[in-house]
Amino acid sequence: MTKKLLTLLLLIYPCLSLAAQDAAEIVKRANDKINGEKSSYSEMKMTIVRPDWERTLEFKNWTKGREYALTLITAPARDRGQSFLKRGSEMWSWNPTISRMIKLPPSMMSQGWMGSDYTNDDILNESSVVDDYIHELAGEEEIEGRLCYRIKMTAKEDAAVVWGHQVRWIDKDDYLFMKAELYDEDGYLVRTELGKNLKIMDGRLIPTILEIIPEDEEGHKTVVEIEKIEFNIPVEDDFFSQQNLKRVR
């Protein structure tokens, strides 16, 4: 290897490493902003839109890091009391109508949650946009009048994720997830997500509406609206238990 080529490689590789590090840090900052650096509590409304009908669910959601998540459906009446729990890599659902608890296998993570375009993986935070992907800065683009980083995220080989790769647009000023495209393992676009209706909630600016649009199903979409959110709340690990899954309100 010539001295000139060696010098060129030494100049290039630190730049590539820095770019990858920057992309990962951007995704982490955006993820922490919407999910809380340590924990969160939120109340949300989800509207499932189909060509011939619409259905609305309301639910509460508690999270602590990546390890713990608990979701409780509060409306409509026929679904009230159903709950979902994640502890580490294990997940369960509880149906009070039939008094039955079911352990969810990893194969169910890609299935639609409660018949929506939102997946079980989305609601239980099984995969991590920070830890399970390799991040790459892929340019800049304006979304809804806000200049965004365009970041390609390729799933790591050993990661148990639903998506083969993602492209996310993150606002440069406030680190907001403004848009995402999610692709399967074969590289086909499965769905698009749009962050809308920016508001200050619990002291931070966030998109309060997430619109999920499947690629190949015309007239289908799911709209998730954050009605209340609190970040970094005090919550103990034992809150996320099978016993609490049955009695949380």
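Values computed for the structure shown
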quantity	calculated
Dimensions (Å) - the chain, Cα atoms, principal axes, largest first	73, 39, 39
The chain: calculated mean residue ellipticity at 222 nm from DSSP helix runs of at least 4, using -39500 (n - 2.57)	-6000 deg cm²/dmol
Sequence-distant aspartates and glutamates (8 or more away, or on other chains) whose Cα lies within less than 12 Å of residue 228	43, 58, 202
Projected area, mean over directions - segment 147-192, Cα convex hull, nm²	3.4
Simple label model, 7 Å out from Cα along Cβ direction - residue 246 to residue 184, nm	3.9
Ratio of Rg to Rh over segment 169-249 (Cα coordinates, Kirkwood Rh, two decimals)	1.08
With Cα atoms, 0 to 90° folded angle of helix 3-35 axis to the chain main axis	20
Spin-label proximity, residue 45 to segment 169-208 - amide N less than 14 Å from point 7 Å beyond Cα toward beta carbon	208
Segment 21-247, relative contact order [Cα under 8 Å, separation at least 6], %	22
Cα-Cα over 24 Å, subset of 45/221; 86/221; 103/246; 103/156; 172/199; 156/221	86/221; 103/156; 156/221
Exposure proxy order (Cβ contacts within 10 Å, fewest to most) of 245, 147	147, 245
Aspartates and glutamates whose Cα lies under 12 Å from that of residue 152, excluding same-chain neighbours fewer than 8 positions away	136, 140, 181
Surface/4 estimate of mean projected area, convex hull on alpha-carbon atoms of segment 96-152, nm²	6.4
Hull-based mean projected area of segment 51-120, where the convex hull spans the alpha carbons, in square nanometres	5.3
Alpha-carbon Debye profile of segment 119-209, log10 I(q)/I(0) at 0.24, 0.25 Å⁻¹	-1.31, -1.35
Nitroxide proxy distance, nm - points 7 Å out along Cα→Cβ at residue 25 and residue 217	4.0
10 °C / 1.306 mPa s Stokes-Einstein diffusion coefficient of segment 12-159, Kirkwood radius on C-alpha pairs, µm²/s	91
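Since every read-out is calculated from the coordinates, none of them should be taken as a lab result. A quick note: this is a predicted structure, and the numbers were derived from the prediction, not measured. All Cβ positions, even for glycine, are placed from backbone atoms using ideal geometry, and neighbour counts span all protein chains on display.
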